[in-house]
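Q: Dropping the structure in here first, questions after.
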Amino acid sequence: MRVYALHGWEVSTAQAREIQLSLAKRVVTENGVIKPRLVAGIDISAPDTQGVARGAVVILRYPEFSIVEVEIAEDKIDFPYIPGLLSFRESPLILAACKKVCNAPDLIMIDGQGIAHPRRFGLASHVGLFLDLPTIGCAKSILCGRHQTVGEEAGSHAELLDNGKLIGAALRTKTRVKPVYVSVGHRIDLASALQWVIKCCRGYRLPEPTRLAHLAAAGRLVFEPDSHRSEFDHDDR
DNA sequence: GCGACAG
DNA sequence: ATCTTGTCGC
């Protein structure tokens with residue numbers, strides 16, 4: 001069994017899975033009513049040829065969706081991509097970017113699963129637990145679980161079940177476009193998570209927090225303090 | 001044993 | 001995640 005460097009420690013993939021099982025017990029899957037004033041979106045870029053990637057966190061005012069802050073962390077990624085162990089690969093960079101944030105968000109949306117994970121401890125839960133903030137997992141595809149057909153209209157959703165257990169929902173965020181997969185990250189319930197993802201959608205498949213974080217991680221989101229956002233288009237590389 | 005498998 | 005141009009539709 002191979003071992004990987006993680007925060008200065010050497011862990012085998014088996015140990016990484018044990019760690020997840022242990023941490024999953026601390027995840028909180030409900031909370032009071034959340035009325036976010038600041039919502040954060042988090043994503044990470046794919047590593048370049050030298051293994052360097054960028055983690056981005058974008059802080060947005062709700063419900064205006066104006067950008068308050070953008071923070072980036074850049075570093076070499078060493079942990080490989082292994083389905084189910086994504087958080088060990090991405091969380092270090094994400095947490096590094098979060099440490100730079102001045103405007104603490106009330107809610108965070110992350111590009112990955114929350115508890116819709118084999119050991120109920122996906123990236124969004126991992127980050128939520130480490131930051132002790134409400135997080136929502138909003139992934140573009142399924143890691144585990146199944147669901148019935150989702151209505152074609154924006155807002156339609158279906159339960160995501162794993163061996164009969166409700167672990168999340170498939171949500172159509174845009175009419176006739178592939179659904180996204182929403183799950184509890186930490187300190188929120190599924191109904192609220194679904195509600196906030198829906199309320200953060202602005203005509204794109206991905207909700208604004210995650211969509212802008214993706215652009216920021218790719219270096220395609222320009223933010224001038226106290227001004228408005230400007231997104232580059234698809235041909236100015 | 002075989003297939004599936006967040007980014 | 002990435003490889004990839006133009007094209008169709010709102």
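Q: Within the range A:26-49, track down each residue that is within 18 Å of A:Pro134 (Cβ to Cβ) and in a loop (DSSP other than H, G, I, E, B).
A: Selection gives A:Arg26, A:Val27, A:Val28, A:Thr29, A:Glu30, A:Asn31, A:Gly32, A:Val33, A:Ile34, A:Lys35, A:Pro36, A:Arg37.
Q: Can you tell me how many residues in the range A:89-115 are in contact (Cβ under 8 Å) with a residue 60 or more places away in the chain and near DNA strand B (Cβ under 8 Å from one of its atoms)?
A: Within the range A:89-115, residues that are in contact (Cβ under 8 Å) with a residue 60 or more places away in the chain and near DNA strand B (Cβ under 8 Å from one of its atoms) number 3.
Q: Also, I was wondering about something else. Out of the residues in the range A:116-146 that are near DNA strand B (Cβ under 7 Å from one of its atoms) and in contact with a helix residue (DSSP H, G or I) (Cβ under 8 Å, 6 or more places away or on another chain), state the one that is nearest to A:Pro36 (Cα to Cα).
A: If we take residues in the range A:116-146 being near DNA strand B (Cβ under 7 Å from one of its atoms) and in contact with a helix residue (DSSP H, G or I) (Cβ under 8 Å, 6 or more places away or on another chain), then A:Gly137 is nearest to A:Pro36 (Cα to Cα).
Q: Quick one: count up the residues across the range A:138-149 that are part of a loop (DSSP other than H, G, I, E, B) and farther than 15 Å from A:Ala213 by Cβ.
A: Residues flagged as part of a loop (DSSP other than H, G, I, E, B) and farther than 15 Å from A:Ala213 by Cβ within the range A:138-149 amount to 8.
Q: In this structure, is A:Leu107 crowded, with 20+ Cβ neighbours inside 10 Å, within 16 Å of DNA strand C (Cβ to nearest atom) and either at pLDDT below 95 or under 18 Å from A:Thr135 (Cα atoms) (or both)?
A: no
Q: Of all residues in the range A:183-204 being among the small types (Gly, Ala, Ser) and open to solvent by 40 Å² or more (accessible area, probe 1.4 Å), which is nearest to A:Arg120 (Cα to Cα)?
A: A:Ala191
Q: Of the residues that make up the range A:8-22, is at least one in a strand (DSSP E or B), among the small types (Gly, Ala, Ser) and at pLDDT 95 or above?
A: Checked against the condition, which is being in a strand (DSSP E or B), among the small types (Gly, Ala, Ser) and at pLDDT 95 or above, the range A:8-22 yields no hits at all.
Q: A follow-up question, please. Please specify each residue of the range A:41-71 satisfying the condition of being within 16 Å of DNA strand B (Cβ to nearest atom) and either open to solvent by less than 20 Å² (accessible area, probe 1.4 Å) or under 14 Å from the mean Cα position of the chain (by Cα) (or both).
A: Selection gives A:Gly41, A:Ile42, A:Asp43, A:Ile44, A:Ser45, A:Gly51, A:Ala53, A:Gly55, A:Ala56, A:Val57, A:Val58.
The values are calculated or read from the model by the stated rules, or taken from the named source; none is laboratory data. Everything numeric in this text was worked out from a predicted model, so none of it was measured. Every residue, glycine among them, receives a Cβ derived from its backbone with ideal geometry; neighbour counts consider all protein chains shown. Accessible surface areas use protein heavy atoms only, side chains included; no ligands, DNA or RNA. Shrake-Rupley method; radii C 1.70, N 1.55, O 1.52, S 1.80 Å.
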